Amino acid sequence: MTRNLFEGWTESLGEGAAVLRGFALPEETALLAALGEVAKLAPFRHMTTPGGYRMSVAMTNCGPLGWVTDQTGYRYDAADPETHNPWPPMPPAFLLLATSAAASAGFSNFVPDACLINRYEPGAKLSLHQDKDERDFSQPIVSASLGIPAVFLFGGLKRAEKTMRVSLTHGDVVVWGGPARLRYHGVLPLKEAEHPLLGRKRINLTFRKAA
Ligand code: MD3
Ligand code: FE
């Protein structure tokens, strides 16, 4: 573990992946207020995978592009398929969090154009996958966790490689780039828990440069 510019703890998860423990904590109030505004305009919904499964994680997006899945496949789209409106703008507190976390991890020019917001309740999970719907894999992904804890699975570049488990809790931010960018990852089913601000929920903000 090393002390870095934000004066918190950085844990390496191998080359290109760094956990910034508690990085989002100073901004938790602003982030949660902004999240509420986004969700009013673009409510959380359970999307359907191309295979026809309803995702246990509820999702929404903000920023110029949003990640969507339906029977036809996965893609980034400028419009919310539920309302046909553009996704809500990226709140300034979100953008600042993403760019400052990326810079702390060594990615000084990261400007996300998409923020996928995942909402988990106990039992919800995300199966092992790669994020490869973005154009430029030289750009990192920044993820911020809020609410109840989750066990994150971090694998290799092939699905069959063994995975490591990392606990992510309220305020933790992870930056994934370079050789880690295409590693398989997922989230184990969440355990029953309660957070003082979020109740029985986990929110994960994932910032991407999609276009
Ligand atoms: C590792 N979300 O939305 S973010 C996703 O906690 C997603 O909701 C998880 O995976 C969540 O696609 C984890 C962490 C994450 C995001 C991108 C990665 C980890 C990554 C890209 C490469 C390697
Ligand atoms: Fe992912």
Filtered residues of the stretch 167-186 (kept if open to solvent by less than 10 Å² (accessible area, probe 1.4 Å) and either β-branched (Val, Ile, Thr) or without any contact (Cβ under 8 Å) to a residue 12 or more places away in the chain (or both)): Val173, Val174, Val175
If we scan the stretch 81-96, do we find a residue that is at pLDDT 95 or above, touching a strand residue (DSSP E or B) at 6+ places or on another chain (Cβ under 9 Å) and of a type in the set (Gly, Ala, Ser)? no
Meets criteria (at pLDDT 95 or above, buried (at least 16 other Cβ atoms within 10 Å of the Cβ) and aromatic (Phe, Trp, Tyr)) for Phe6: no
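A quick yes/no check of all residues on (1) open to solvent by 30 Å² or more (accessible area, probe 1.4 Å); (2) in contact with a Lys or Arg (Cβ under 9 Å, 6 or more places away or on another chain); (3) of a type in the set (Val, Ile, Thr); (4) closer than 22 Å to Thr60 by Cβ:
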site: Ala105; (1), (2), (3), (4): yes, no, no, no
site: Lys125; (1), (2), (3), (4): yes, no, no, yes
site: Glu134; (1), (2), (3), (4): no, yes, no, yes
site: Ser138; (1), (2), (3), (4): yes, yes, no, no
When every residue in the stretch 169-211 that is more than 16 Å from ligand 2 (Cβ to nearest atom) and in contact with a helix residue (DSSP H, G or I) (Cβ under 7 Å, 6 or more places away or on another chain) is compared, the one nearest to Ile141 (Cα to Cα) is Gly171
Counting only residues that are of a type in the set (A, V, I, L, M, F, W, C) and within 10 Å of ligand 1 (Cβ to nearest atom), how many does the stretch 138-150 have? 4
By residue number, the members of the stretch 120-130 that are near ligand 1 (Cβ under 9 Å from one of its atoms) and either touching a strand residue (DSSP E or B) at 6+ places or on another chain (Cβ under 6 Å) or small (Gly, Ala, Ser) (or both) are Tyr120, Leu126
From the options Phe110, Phe207, residue that is touching a residue at least 12 places away in the same chain (Cβ under 8 Å) and either part of a loop (DSSP other than H, G, I, E, B) or more than 14 Å from the chain's Cα centre (by Cα) (or both): Phe110
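The values are calculated or read from the model by the stated rules, or taken from the named source; none is laboratory data. This is a predicted model, so every value here is computed, not measured. Virtual Cβ from ideal backbone geometry, glycine too; neighbours counted across all protein chains shown. For accessibility, only protein heavy atoms count, side chains too; no ligands or nucleic acids. Shrake-Rupley method; radii C 1.70, N 1.55, O 1.52, S 1.80 Å.
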